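These notes concern the structure reproduced below.
The values are calculated or read from the model by the stated rules, or taken from the named source; none is laboratory data. Just so we're clear, the structure is a prediction, and the values are computed from it rather than from any experiment. When we count neighbours, we look across all protein chains shown, and the Cβ atoms used for this are built from the backbone with ideal geometry, even at glycine.
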Amino acid sequence: MKASGIKKTVALRNLGVYRSTYYAWQKPKKTSGNRASVLKLTDAERKAVIEKKKQNPHLSHRKISGYLRHDGYWVSASSCYRILKELDWVLSQELREAPWKEPHYEPFAPNQIWGEDWTMLSIAALRYYLLTIIDYFSRYIPACRQAGWHGPL
């Protein structure tokens, strides 16, 4: 095209190629090289994880990571998990039931467990605080008191 006198911009426009794309193609490609990554585990760290698991098969990946720190190897728990997963040595752990799903205390008679609640009421630019005490077994309210505060809101 250069020999026939057509300008680059005209030829690129006819081809539907942006100039920035053309000049990006002209730049020499950077070779990444084979530099060792700082994040990649060394062979010594990998062997330390495997040896610690062989010595203590009951340990989880998190505990292995913690024990290796005492030996001078700073291996994250996720890296330990990845190594053990490759070898199919990951322990399956059952999760416990969430403690809030089941009541801790179940009253079986009145006056065993009481709860209280403070509520603020604003009436005609005055604040009133209402304290309510409730019996959890019968849902009865044995006491209720009001305290007023006459300041501005």
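Counting only residues that are among the hydrophobic types (A, V, I, L, M, F, W, C) and modelled with pLDDT of 85 or more, the stretch 127-153 holds 6 of them. Residues being at pLDDT 85 or above, within 35 Å of the chain's Cα centre (by Cα) and either assigned to a helix (DSSP H, G or I) or loosely packed, with under 10 Cβ neighbours inside 10 Å (or both) are entirely absent from the stretch 106-113. Scanning the stretch 92-105 for residues that are under 21 Å from the mean Cα position of the chain (by Cα) and either part of a loop (DSSP other than H, G, I, E, B) or at pLDDT 80 or above (or both) turns up 92, 93, 94, 95, 96, 97, 98.
Does residue 134 count as surrounded by 10 or more Cβ atoms within 10 Å (Cβ to Cβ), within 30 Å of residue 67 (Cα to Cα) and β-branched (Val, Ile, Thr)? When the stated conditions are applied, residue 134 does not pass them. Within the stretch 9-43, the set of residues being modelled with pLDDT of 75 or more and within 30 Å of residue 68 (Cβ to Cβ) comprises 39, 40, 41, 42, 43. Being among the β-branched types (Val, Ile, Thr) and touching a helix residue (DSSP H, G or I) at 6+ places or on another chain (Cβ under 8 Å) holds for only one residue in 123, 83, 113, and it is 83. Picking from residues in the stretch 115-145 that are among the aromatic types (Phe, Trp, Tyr) and in a strand (DSSP E or B), the one that is farthest from residue 104 (Cα to Cα) is 128.
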